[in-house]
1. Scanning for something open to solvent by less than 10 Å² (accessible area, probe 1.4 Å), closer than 22 Å to Phe25 by Cβ and among the hydrophobic types (A, V, I, L, M, F, W, C), does the stretch 74-83 turn up at least one residue?
2. Against the definition (surrounded by fewer than 21 Cβ atoms within 10 Å (Cβ to Cβ), among the polar types (S, T, N, Q), more than 14 Å from the chain's Cα centre (by Cα) and within 28 Å of Asp66 (Cβ to Cβ)), how does Asn134 come out, yes or no?
3. Test of understanding: among Ala124, Ala167, which residue is more than 24 Å from Arg38 (Cα to Cα), open to solvent by less than 20 Å² (accessible area, probe 1.4 Å) and of a type outside the set (Val, Ile, Thr)?
4. Looking at the stretch 53-70, can you tell me whether even one residue there is of a type in the set (Gly, Ala, Ser), open to solvent by 20 Å² or more (accessible area, probe 1.4 Å) and not in a helix (DSSP H, G or I)?
Amino acid sequence: MEFNNRATKFQEMVRDQSNDELGLFEKYDEILFDIRSRIIKYKAVSVIDIGCGTGNLCGELSEVMDITGIDQSMEMILFAKNKYNKMKFKLGDFLDEPFRKNDVDVVVTTYAFHSLNDNEKKEAIKCMLGYLKNDGKIIIVDFMFADDNERKKCIKNLCSKGREDLASVIENKYYTNIQELEKYIRVLGYKIHSEHIVNFTWIVEIENKGLF
């Protein structure tokens with residue numbers, strides 16, 4: 001079936017290092033394990049996973065928590081549903097108005113945030129905050145740069161090695177600028193913590209707890 005093919009290709013992509021020359025999915029399983037551990041540590045009861053794909057992150061947590069996965073691909077949702085029958089699913093994306101208001105402990109997203117441009121990212125943050133309880137958290141795992149200089153340096157370095165093909169991947173993607181994201185979150189009045197993990201992968205946590 002089509003959804004099986006697409007979902008299987010996704011599973012292969014995130015775990016096959018041989019074609020991942022930029023190391024985008026290095027430590028993929030370790031990172032997902034870390035995020036699951038954080039969700040458990042925060043004593044979450046309800047979780048929304050945006051861009052849930054095949055359920056790799058939160059599927060097993062659905063045995064003990066109220067998990068809703070949101071994805072814009074019905075193929076991915078059907079595949080995940082076959083694996084995790086206790087997990088709930090909703091067809092949608094980052095920019096949908098929250099269908100639950102202020103009653104979710106954690107909103108999480110892994111390897112999907114870069115599909116949004118800078119303005120869409122800001123809107124997505126507001127939508128994610130709309131789900132959260134007063135002490136809830138947003139956890140974002142994605143490809144990012146510390147600032148614009150780091151991005152330019154990376155592109156220059158790849159070009160100097162004759163890898164314009166890889167440089168163009170970086171140029172054409174909306175990898176988050178951490179400096180700008182942190183500035184935006186603080187202007188909104190929330191706490192943010194950013195942690196570089198490996199290559200372009202960062203973990204960002206935003207607390208629904210005001211600075212003021």
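1. Applying the first criterion (open to solvent by less than 10 Å² (accessible area, probe 1.4 Å)) to the stretch 74-83 yields 77, 80.
Narrowing further to those that are closer than 22 Å to Phe25 by Cβ: 77, 80.
Checking which are among the hydrophobic types (A, V, I, L, M, F, W, C) leaves us with 77, 80.
Yes; the residues of the stretch 74-83 include at least one that is open to solvent by less than 10 Å² (accessible area, probe 1.4 Å), closer than 22 Å to Phe25 by Cβ and among the hydrophobic types (A, V, I, L, M, F, W, C).
2. Values: surrounded by fewer than 21 Cβ atoms within 10 Å (Cβ to Cβ): yes; among the polar types (S, T, N, Q): yes; more than 14 Å from the chain's Cα centre (by Cα): yes; within 28 Å of Asp66 (Cβ to Cβ): yes.
The answer is yes for Asn134.
3. Working: Ala124 fails: more than 24 Å from Arg38 (Cα to Cα).
Matching residue, one of Ala124, Ala167: Ala167.
4. At the first step, the residues of the stretch 53-70 found to be of a type in the set (Gly, Ala, Ser) are 53, 55, 59, 62, 69.
Then drop every residue that is not open to solvent by 20 Å² or more (accessible area, probe 1.4 Å), which leaves none.
The answer is no; no qualifying residue exists.
A quick yes/no check of all residues on (1) among the charged types (D, E, K, R); (2) under 26 Å from His196 (Cβ atoms); (3) at pLDDT 95 or above:
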| residue | (1), (2), (3) |
| --- | --- |
| Asp49 | yes, yes, yes |
| Tyr84 | no, no, yes |
| Val107 | no, yes, yes |
| Tyr111 | no, yes, yes |
| Leu116 | no, yes, yes |
| Lys122 | yes, yes, yes |
| Leu129 | no, yes, yes |
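The values are calculated or read from the model by the stated rules, or taken from the named source; none is laboratory data. Since we're looking at a predicted model, the values are computed, not measured. Note that we place each Cβ from the backbone using ideal geometry, even for glycine, and neighbour counts take in every protein chain shown. Please note that ligands, DNA and RNA were not included when accessible areas were found on the heavy atoms of the full protein model with its side chains. Shrake-Rupley method; radii C 1.70, N 1.55, O 1.52, S 1.80 Å.
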